[in-house]
Number of protein chains: 2
Amino acid sequence: MAKEVKIIGLESIPEIKTGDDIAKLIVEATEREGVGIRSGDIVVVASKIIAKAEGRVIYLDRVVPSKRAIELSNIVGKDPRLVEIILRESRRVIKATKGHLIVETKHGIVCANAGVDKSNVAGREDIVLTLPIDPDRSAREIRYRLYELTGCDVAVVVSDTQGRPLREGQIDVAIGVSGINIFRDYRGTKDLKGYTLKIKRIAIVDEIASAAELVMGNGSEGVPVAIIRGLLFSSKEESAKLLNMPKERWLFK
Amino acid sequence: MAKEVKIIGLESIPEIKTGDDIAKLIVEATEREGVGIRSGDIVVVASKIIAKAEGRVIYLDRVVPSKRAIELSNIVGKDPRLVEIILRESRRVIKATKGHLIVETKHGIVCANAGVDKSNVAGREDIVLTLPIDPDRSAREIRYRLYELTGCDVAVVVSDTQGRPLREGQIDVAIGVSGINIFRDYRGTKDLKGYTLKIKRIAIVDEIASAAELVMGNGSEGVPVAIIRGLLFSSKEESAKLLNMPKERWLFK
């Protein structure tokens with residue numbers, strides 16, 4: 001009678017190298033761990049391992065910072081070469097103050113440092129990882145490849161850990177999706193009392209990313225993939241870019 | 001070998017009335033649905049049913065709007081009596097434009113309409129529900145009462161559905177907690193590569209609220225309670241107010 005959804009964290013995904021076939025490694029891990037893949041599963045993949053498979057690793061000693069990067073680095077107090085990489089990943093700078101560089105990435109995501117990250121790359125300050133080039137495309141490719149390998153129709157969500165403008169701490173959100181509706185939209189439907197809902201539209205793929213993070217834990221590298229099993233959803237091909245609020249609607253415009 | 005966490009939605013919680021013993025109704029539902037309560041469970045309760053048990057229902061025809069509420073209602077285009085209730089629940093107005101009234105509630109939460117809601121109350125436009133008076137206290141009381149009734153030591157999270165300043169759609173977050181650490185704090189720890197993490201601090205109670213929402217669905221009244229089972233956490237007594245970022249740190253100050 002109770003509704004039950006499982007969050008299953010895969011613990012035996014090996015370290016990812018450039019060119020790796022992530023879908024194949026997922027299938028192997030699910031077999032090894034006795035979990036398997038089923039149609040209707042939602043496979044959540046940490047953006048970090050996709051970026052690694054894409055070879056999005058950058059050695060800062062090969063980066064020559066632009067004049068603008070040097071100026072900005074003085075304001076934010078970060079390595080000018082790191083700022084250069086962040087600028088290359090960005091459409092524009094939203095906020096630059098001591099310790100903080102908030103940008104809008106080329107994907108349209110507003111986040112700190114364009115998601116450029118030092119953790120779980122090489123243990124060195126001078127090697128960083130950027131976000132995947134096109135997380136929707138990555139999600140789609142993993143989904144198709146999983147179908148090819150298993151015959152199962154799953155959804156794929158690419159997750160990333162992000163801060164929030166008004167709340168402390170970070171949570172995981174969806175930056176790429178395939179085979180799942182982004183929102184559970186209640187607008188225009190009636191609640192249990194017959195009241196017509198006007199604004200309720202749940203960003204379920206973000207909630208799915210957050211649920212997956214609960215089992216991913218430290219650095220999202222030990223457990224970089226989680227499967228959400230038992231959740232009903234509509235299978236639709238949409239872009240995670242629909243989650244990026246257009247600037248004119250921002251709360252603090 | 002795979003880590004597994006369950007999200008269990010309780011489907012037989014009856015409609016809540018003022019004065020109801022929510023913990024008792026939860027225990028009865030878990031017995032009826034063959035789920036039970038176990039030590040280490042995290043019980044997520046939709047704020048709405050707590051507000052109902054507290055009698056936080058307001059009939060707008062008994063509300064006399066202040067001058068300020070009338071002025072604001074002209075700007076935002078909402079019922080002046082509703083605006084009056086929102087102001088009574090708030091410390092200050094953050095943004096007021098056509099269709100939008102963003103405030104900081106007395107709990108310190110920045111959200112639309114101070115969380116005052118018409119859905120799942122009475123199916124009428126003129127009866128609304130406010131947020132619980134003190135969601136941390138409510139969480140604590142439910143937790144103690146669950147211990148009294150079952151002998152199990154659980155954590156309790158009070159969840160609420162909220163919009164985000166930069167992302168489309170709403171997700172559930174934690175507005176009250178008891179018996180669980182708010183953050184999984186990695187700052188100062190080393191990642192798998194030996195790199196010392198500087199900023200990673202996951203707001204796990206928000207992620208828990210979002211995970212629970214996945215089974216709660218429409219109006220969070222059909223399934224107003226979910227149990228997260230199998231997730232390890234530190235049992236600590238903290239306030240959900242720690243999630244409210246102080247104004248001087250807001251992204252768009």
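The values are calculated or read from the model by the stated rules, or taken from the named source; none is laboratory data. The shown structure was predicted, so the numbers you read here are calculated from the model rather than taken from an experiment. Please note: Cβ atoms are built from the backbone with ideal geometry, for glycine as well, and neighbour counts cover all protein chains shown.
Below are the figures for this structure:
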{"read-out": "Test: residue in region A:235-250 that is of a type outside the set (Asp, Glu), more than 21 Å from A:Ala112 (Cα to Cα) and either facing chain B (nearest Cβ under 7 Å) or in contact (Cβ under 8 Å) with a residue 60 or more places away in the chain (or both)", "value": "yes"}
{"read-out": "Which numbered condition A:Gly222 misses (of (1) closer than 26 Å to B:Asp160 by Cα; (2) within 7 Å of another protein chain (Cβ to nearest Cβ))", "value": "(1)"}
{"read-out": "Residue, nearest to the chain's Cα centre (by Cα), within region A:1-25, restricted to residues that are within 8 Å of chain B (Cβ to nearest Cβ) and of a type in the set (Gly, Ala, Ser)", "value": "A:Gly9"}
{"read-out": "In region B:4-34, residue surrounded by the fewest Cβ atoms within 10 Å (Cβ to Cβ) [restricted to those that are basic (Lys, Arg) and free of Cβ contacts under 8 Å to residues at least 60 places away in the same chain]", "value": "B:Lys17"}
{"read-out": "Filtered residue count, region B:26-42, keeping only those that are within 13 Å of another protein chain (Cβ to nearest Cβ) and outside any helix (DSSP H, G or I)", "value": "7"}
{"read-out": "Test: residue in region B:108-125 that is over 19 Å from the mean Cα position of the chain (by Cα), away from chain A (no Cβ under 13 Å) and not in a strand (DSSP E or B)", "value": "no"}
{"read-out": "Looking only at region A:134-166, and only at residues there that are in contact with a helix residue (DSSP H, G or I) (Cβ under 9 Å, 6 or more places away or on another chain) and among the small types (Gly, Ala, Ser), the one that is nearest to A:Glu213 (Cα to Cα)", "value": "A:Ser159"}
{"read-out": "Some residue of region A:195-204 being of a type in the set (Val, Ile, Thr), within 9 Å of chain B (Cβ to nearest Cβ), buried (at least 16 other Cβ atoms within 10 Å of the Cβ) and within 30 Å of B:Lys95 (Cβ to Cβ)", "value": "yes"}
{"read-out": "Identity of the residue in region A:139-178, among the small types (Gly, Ala, Ser), buried (at least 24 other Cβ atoms within 10 Å of the Cβ) and more than 14 Å from chain B (Cβ to nearest Cβ), that ends up farthest from B:Lys190 (Cα to Cα)", "value": "A:Ser178"}
{"read-out": "Options A:Ala203, A:Ala155, A:Ala174, A:Ala226; residue that is closer than 25 Å to B:Pro224 by Cβ and not assigned by TED's automatic domain parsing to the domain that holds A:Val110", "value": "A:Ala203"}
{"read-out": "Single residue of A:Arg38, A:Arg88 found to be surrounded by fewer than 20 Cβ atoms within 10 Å (Cβ to Cβ) and either of a type in the set (Gly, Ala, Ser) or touching a Cys at 6+ places or on another chain (Cβ under 7 Å) (or both)", "value": "A:Arg38"}
{"read-out": "From A:Val64, A:Val93, A:Val83, residue being within 14 Å of chain B (Cβ to nearest Cβ) and either modelled with pLDDT of 95 or more or surrounded by fewer than 21 Cβ atoms within 10 Å (Cβ to Cβ) (or both)", "value": "A:Val93"}
{"read-out": "Test for B:Gly169: is it closer than 26 Å to B:Arg145 by Cβ, touching a helix residue (DSSP H, G or I) at 6+ places or on another chain (Cβ under 8 Å) and either charged (D, E, K, R) or assigned by TED's automatic domain parsing to the domain that holds B:Ile22 (or both)", "value": "no"}
{"read-out": "Qualifying residue in region A:180-194 (condition: more than 8 Å from chain B (Cβ to nearest Cβ) and buried (at least 21 other Cβ atoms within 10 Å of the Cβ))", "value": "yes"}
{"read-out": "Strands (runs of 3 or more DSSP E) contained in region B:147-231 and holding at least 2 residues modelled with pLDDT of 95 or more and over 14 Å from the mean Cα position of the chain (by Cα)", "value": "B:225-229"}
